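Heads up: the structure comes next, in structure tokens.
What follows is calculated from the coordinates using simple rules that are stated; it is not laboratory data. Keep in mind the model is a prediction, meaning the values are calculated, not measured. We place every Cβ from the backbone using ideal geometry, glycine too, and count neighbours over all the protein chains shown.
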Amino acid sequence: MQFGGDDQWSNMLAGTELIRRKTGDDCYAMTQTLLLNNEGKKMGKTAKGAVWLDPEKTTPYDFYQYWRNVDDADVMMCFRLLTFLSLEQIKEIGEWDDSRINEKKELLAHELTELVHGKEEADKAQETARGIFSGNMDTENMPTAELSESDFKDGVADILQLLVAAGLSPTRSDARRLVTQGGVSVNDEKVTDFKKSYTKEELAGGIVLKKGKKAFKRVIYNK
């Protein structure tokens, strides 16, 4: 039995037919609905790449934030296709007033993060996310990027390297654009000089590096 997205139906049929002809064995194919957003595009992609179940590739916090930030029009579809809430519960959530959309998104993000990473990680991700918007960030549970010796040149690392090392920017040129446009802050202080550098000593205690309003990492250097 092979499972796949419904866009692979013809390929899967070709495979089952080949197996029957070569071995004489019965085999089957089953497709499932693709997870598409309201624009008809596949979900599960971000500016940084794919959303993974593996916490080493997508942290529980980033996983939570992906679902927390889905388009308003996609929330109920995600509840129906991805969660194990009862149809009665989902129907009740769907009847909530539009003013509760953020509550819906938080519930969706928590349900899916708990499903994949467990309740403890889901609670931490939610607490951290709420802390950011309230201005009370919890660095203990914050997603963290640890710097290596290769991130430093002559004992310092510039802001562009920190953004790349933290996964907040794919390249130094993209990081430079972010800085010059005023979209980067360190410990809640905006950084507009792309030549700004930090020593190993300054980074030993960790800094909070933020891109825009929602993307951030604690960046730290451990000797």
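Somewhere in segment 79-90, is a residue over 16 Å from HIS110 (Cβ atoms) and among the basic types (Lys, Arg)? Yes, the conditions are met somewhere in segment 79-90. Would you say PRO170 is closer than 30 Å to ALA109 by Cα and in contact with a helix residue (DSSP H, G or I) (Cβ under 6 Å, 6 or more places away or on another chain)? No. For segment 181-195, the set of residues classified as surrounded by fewer than 15 Cβ atoms within 10 Å (Cβ to Cβ) and closer than 14 Å to GLY212 by Cβ consists of GLN181, GLY182, ASP188, LYS190, listed by residue number.
Please verify whether segment 24-35 includes one or more residues that are over 23 Å from ASP72 (Cβ atoms), free of Cβ contacts under 8 Å to residues at least 24 places away in the same chain and among the aliphatic types (A, V, I, L, M). No, segment 24-35 has no match at all. Counting only residues that are in a loop (DSSP other than H, G, I, E, B) and more than 10 Å from ASP158 (Cβ to Cβ), segment 193-209 holds 2 of them.
Of the residues screened, THR144 is one that is closer than 19 Å to THR58 by Cα and surrounded by fewer than 20 Cβ atoms within 10 Å (Cβ to Cβ).
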